[in-house]
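Student: What follows is a single structure, and I will ask about it in a moment.
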Amino acid sequence: MPAVDRRKQVLDAASKSFALFGYKATTMEQVAKIANVGKGTIYTFFTNKDELFDEILLSAIMEMKRLAEREIRKDRDFFDNLYRVLDALLEFRSEHELFIKLSQEVRDIGTPKAHEGLTKVENGIVGYLKGIVENAISIGEIKPLDAQVVSFVMLKLYVALTTDFNQLHKPLSKEQIKEYMMVFLADGLKASS
């Protein structure tokens with residue numbers, strides 16, 4: 001019979017607890033109970049709740065990067081790949097229970113650690129996009145601009161069109177979002193032929 005991976009058991013339980021209760025309401029006691037281990041077992045792997053939370057976030061960010069990498073197609077242009085990656089990442093983020101709960105927690109009570117967690121996720125996305133942008137710049141597909149700024153603006157624009165806009169207006173279709181992204185970004189970023 002295979003040995004039980006206690007660390008994985010603790011991580012799975014912590015992920016569930018953070019997704020159900022948020023950062024602030026999650027306790028090490030809850031995690032231990034969900035994992036069916038003693039509280040001391042958690043402390044053999046993680047010094048405190050912050051360290052455990054950071055490990056959960058890192059795992060989610062790595063999962064997002066793997067998801068994004070599956071969306072990149074060498075035979076597609078920069079903008080097509082950009083839409084595919086942004087769409088996949090934001091769909092993942094909007095469906096992932098942890099991110100939903102953290103967003104609610106930030107909105108409702110403004111927990112600094114939950115805000116910090118969401119910021120880490122956003123920075124992970126921007127960092128990934130930066131690599132895509134730098135590659136597109138290096139092959140002359142887009143203008144040579146600051147890749148960090150371009151990546152940040154692309155993410156914020158996409159979030160604005162897919163999420164923020166929907167709070168005040170009828171949601172845009174994926175085709176409309178793609179069209180607006182082209183108008184706002186491609187016409188200004190596309191390298192001249």
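Student: The conditions are (1) crowded, with 17+ Cβ neighbours inside 10 Å; (2) over 14 Å from A19 (Cα atoms); (3) free of Cβ contacts under 8 Å to residues at least 60 places away in the same chain, and G110 fails exactly one of them. Which is it?
Tutor: (1)
Student: In this structure, is A35 surrounded by 12 or more Cβ atoms within 10 Å (Cβ to Cβ), small (G, A, S) and under 21 Å from the mean Cα position of the chain (by Cα)?
Tutor: no
Student: In the list I142, I100, I109, which residue meets the criterion of being under 24 Å from L185 (Cβ atoms) and of a type outside the set (D, E, K, R)?
Tutor: From the options I142, I100, I109, the qualifying one is I142.
Student: Name the one entry in I137, I177 that is of a type outside the set (F, W, Y), more than 19 Å from K65 (Cβ to Cβ) and in contact with a Pro (Cβ under 7 Å, 6 or more places away or on another chain).
Tutor: After applying the criteria, what remains is I137.
Student: Would you confirm, using the coordinates I've provided, whether F99 is free of Cβ contacts under 8 Å to residues at least 40 places away in the same chain, within 14 Å of the chain's Cα centre (by Cα) and in a helix (DSSP H, G or I)?
Tutor: When the stated conditions are applied, F99 passes them.
Student: List the pairs whose first member sits in the stretch 68-82 and is touching a residue at least 40 places away in the same chain (Cβ under 8 Å), whose second member is surrounded by 11 or more Cβ atoms within 10 Å (Cβ to Cβ) and of a type in the set (F, W, Y), and whose Cβ atoms are under 8 Å apart, counting only residues at least 6 apart or on separate chains?
Tutor: Final answer for the pair search is A68/Y128.
Student: For L157, are the conditions met, namely being at negative phi, crowded, with 19+ Cβ neighbours inside 10 Å, assigned to a helix (DSSP H, G or I) and within 16 Å of the chain's Cα centre (by Cα)?
Tutor: no
Student: Output yes when any residue across the stretch 115-136 is over 11 Å from the mean Cα position of the chain (by Cα), closer than 23 Å to A25 by Cβ and not in a loop (DSSP other than H, G, I, E, B), and no when none is.
Tutor: The answer is yes, given that some residue of the stretch 115-136 is over 11 Å from the mean Cα position of the chain (by Cα), closer than 23 Å to A25 by Cβ and not in a loop (DSSP other than H, G, I, E, B).
Student: Exactly one of (1) free of Cβ contacts under 8 Å to residues at least 24 places away in the same chain; (2) surrounded by fewer than 16 Cβ atoms within 10 Å (Cβ to Cβ); (3) over 18 Å from V121 (Cα atoms) is unmet by M62. Its number?
Tutor: Result: M62 fails condition (3) only.
All of the numbers you see were taken from the coordinates with simple rules; none came from a lab. What you see is a predicted model; the values in this text were computed from it and never measured. Neighbour counts run over all protein chains shown; Cβ positions are idealised from the backbone, glycine included.
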